[in-house]
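Visitor: Submitted below is the structure of interest, expressed as structure tokens.
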Amino acid sequence: MTDFNPIKNDKDSVGPSGNEIMVIGPGRMGTGIALAFAQNGFSVILFGRSQSSLERSMGLIDQSLKEGIEKRVFSREEAEKIKTRILARKNDLDNLELDSIKMAIEAIDEDFKAKSELLAQLDVLLFPSIILATATSSLDAEKLSYHLKNPERFLWTHFFYPAQKNKTVELSPLERTSIEAVNLALEILGQARREIIRLKKYRRGGVANIILISLILEALRLIEEGFEASLIEEAGRLAFDAPYGFISLLSFIGIETALAAASSLAQASEPSDPLRLIYDNFFSLPFELQQLLKKEGLDGFETFLKGKESKKNRDLHLDPLVLELARQRFQAVAFMTAAEVVEAGLIDPPACDRLCQLAFQWSEGPFAKMNRMGIEASLRLVTERMELSHRREINFPVPRNLIEKAQRKELWPLS
């Protein structure tokens, strides 16, 4: 059995504190993860493939710290101390001092081959007592673990963008992860002041991405059907009493990132992939958007978002009715996906509600909303959305647990 050493945390330390976190991948997510730990007293080694990627990352860190100073989140002196805790390193994993590292987090682009090779390299270099985590949003972490020599210390995490501001983290052990590794990871994340949602079991995509990507896709399908982006944005906000809708959220987390996640969820990792068996083509991008992306690259998304000019000449008096229709469609998607991840055994209703409130800033979670609306009325929304989806030859599963709740007129247990 591997011995995992306890951690110490010193928020006033500058430089190595004996509690180093290694983050590999200086993109927007990796940068945010590094900054989240540094803001809470951990020394961080941030690895990148090139000097230019590291320079961009440090520029993002400077910008975030400047915003923190302006908003009086911390003082200038505190910001300077935070930055000194982050050490940028380029392509020198073999020359790493390993003694003080407690956790290594892989956060490179969503490329299975690249992640597999990097994790295998880290598995050889790092002491077995060092937690190794992947932050993949949509690839199969179980498959990423197949060639590791120390799979007992490997687990899945999902940070939310921007990680230095959004404290929510999904965490799940994998089939061969030890309870000791899970406990140490929970301790580390807890000392980094993360709001941890521990899944009951792992499935590709986790919970939050299944719900979020589904709602983003609903917004894109509404655009394809001729709804205006501004109306869709407002409908998404009203559906969950949130500070933003799914068009602005898509831009916020990154169009390329979100579209890549949707495409990855749409692909089966193997014939028995549970996501594909349940959702089939549900995660496919709208056909019109696919064609524009092939023709224009990412510029095609802007073309798609603007829509056809002829679609905009609509009677404004119909907008309240259309707004209500779009709002109900968003709620139907949230109800379906939330019920499905519970039925799959990934999470229970109270934890799912808490996750949606923390990660998405919803005023209440989908299960509390279904209870308030009534389970029969909620199922009716889901069933109507399923019928519309099937007319367009897009799968839309209706979870058995939702049907049974409605038949028995039972509320979801939230205590």
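Visitor: When the dipole is taken about the Cα centre of segment 209-408, and only Lys, Arg (+1) and Asp, Glu (-1) are charged at their Cβ, what size is it in debye, to the nearest 20? Could the numbers behind the result be given before it?
Guide: Values: 22 positive and 29 negative charges, 55 e Å.
Value, rounded to 20: 260 debye.
Visitor: If each residue's Cβ is checked for other Cβ atoms within 10 Å, how do Asp348, Asp353 rank with the fewest at the top? Display every interim value, and only then the final one.
Guide: Numbers: Asp348 15, Asp353 23.
Listed from fewest to most nearby Cβ atoms, that is Asp348, Asp353.
Visitor: In addition: Ratio to report: Rg/Rh of segment 20-198, with Cα atoms as the point set and Rh obtained by the Kirkwood method; give two decimals. The partial results should precede the final answer.
Guide: Values: Rg = 15.3 Å, Rh = 16.2 Å.
Using Cα coordinates only, the ratio equals 0.95.
Visitor: How big is the Cα convex hull of the chain in projection, averaged over all directions, in nm²?
Guide: Working: hull surface 85.7 nm².
Averaged projected hull area, Cα only: 21.4 nm².
Visitor: Determine, for each peptide in 231-237, 30-36, 82-88, the mean count of other beta carbons within 10 angstrom over its residues, then list the peptides with the highest first.
Guide: Details: 231-237: 22.0, 30-36: 26.9, 82-88: 18.7.
The packing order, highest mean first, is 30-36, 231-237, 82-88.
Visitor: Please give, to one decimal in nm, the separation of the simple spin-label points placed at Ala268 and Lys200, each 7 Å out from Cα toward the Cβ.
Guide: So the two model labels end up 2.6 nm from each other.
Visitor: Before rounding to the nearest 500, sum -39500 (n - 2.57) across all DSSP H runs of length at least 4 in the chain and divide by the residue total; then give [θ] at 222 nm in deg cm²/dmol.
Guide: Working: 18 runs with 215 residues, N = 415.
Helices in the chain give a 222 nm mean residue ellipticity of -16000 deg cm²/dmol.
Visitor: Among the chymotrypsin sites (Phe, Trp or Tyr not before Pro) within segment 125-167, which fall in a DSSP loop and have no more than 14 other Cβ atoms within 10 Å of their own Cβ? Please list the in-between numbers first.
Guide: Numbers: sites: Tyr146, Phe154, Trp156, Phe159, Phe160; in loops: Tyr146, Phe160.
Listed in order of number, the matching sites are Tyr146.
Visitor: Something else about it: Once every Cα of segment 325-415 carries one equal point scatterer and solvent is ignored, give the base-10 log of I(q)/I(0) from the Debye formula at q = 0.17, 0.21 Å⁻¹, two decimals.
Guide: -0.67, -1.02
Visitor: For segment 114-186, go through all pairs of different Cα atoms, get the mean of 1/r, take its inverse, and jot down that Kirkwood value in Å.
Guide: Details: mean 1/r = 0.0795 Å⁻¹.
For segment 114-186, inverting the mean 1/r across all distinct Cα pairs yields 12.6 Å.
Visitor: For segment 149-254, what are Rg and Dmax over the alpha carbons, in angstrom?
Guide: Taking only Cα atoms of segment 149-254, I get Rg and Dmax of 17.2, 52 Å.
Visitor: What whole-number volume per residue, in cubic angstrom, does the convex hull of the C-alpha atoms of segment 209-408 give? Show your work: numbers first, answer last.
Guide: Values: hull volume 24.7 nm³, N = 200.
Dividing the Cα hull volume of segment 209-408 by its residue count gives 124 Å³.
Visitor: Could I ask something else about it? If you look for lysine pairs in segment 44-186 that are eight or more places apart or on different chains, how many of them have Cα atoms under 21 Å apart?
Guide: Taking the Cα cut-off of 21 Å, the pair count is 24.
Visitor: Give me Arg89, Arg392, Arg329 sorted ascending by neighbouring Cβ count inside 10 Å, so fewest comes first. Working shown, then result.
Guide: Numbers: Arg89 16, Arg392 12, Arg329 25.
Arranged by neighbour count, lowest to highest, Arg89, Arg392, Arg329 become Arg392, Arg89, Arg329.
Visitor: Moving to a separate point now. Below 20 Å Cα-Cα, how many Lys pairs turn up in segment 190-334? Only count pairs eight or more apart in sequence, or on different chains, if you could.
Guide: Close lysine pairs found across segment 190-334: 4.
Visitor: Mind ordering 122-129, 361-368, 213-220 by average Cβ neighbours within 10 Å, highest first? Present the calculation step by step, with values, prior to reporting the outcome.
Guide: Details: 122-129: 16.0, 361-368: 19.9, 213-220: 23.9.
Going from most to least packed, we get 213-220, 361-368, 122-129.
Visitor: When a footprinting reagent is the concern and you count Cβ atoms within 10 Å, what order do Ile179, Ile131 take, fewest first? Show your work: numbers first, answer last.
Guide: Working: Ile179 9, Ile131 25.
If I rank by nearby Cβ atoms, fewest first, I get Ile179, Ile131.
None of the figures in this text is laboratory data; all of them are computed from the coordinates on show. Predicted, not measured: the structure shown is a model, and the values here were computed from it. Glycine also receives a Cβ, built like all others from the backbone with ideal geometry; neighbour counts cover every protein chain displayed.
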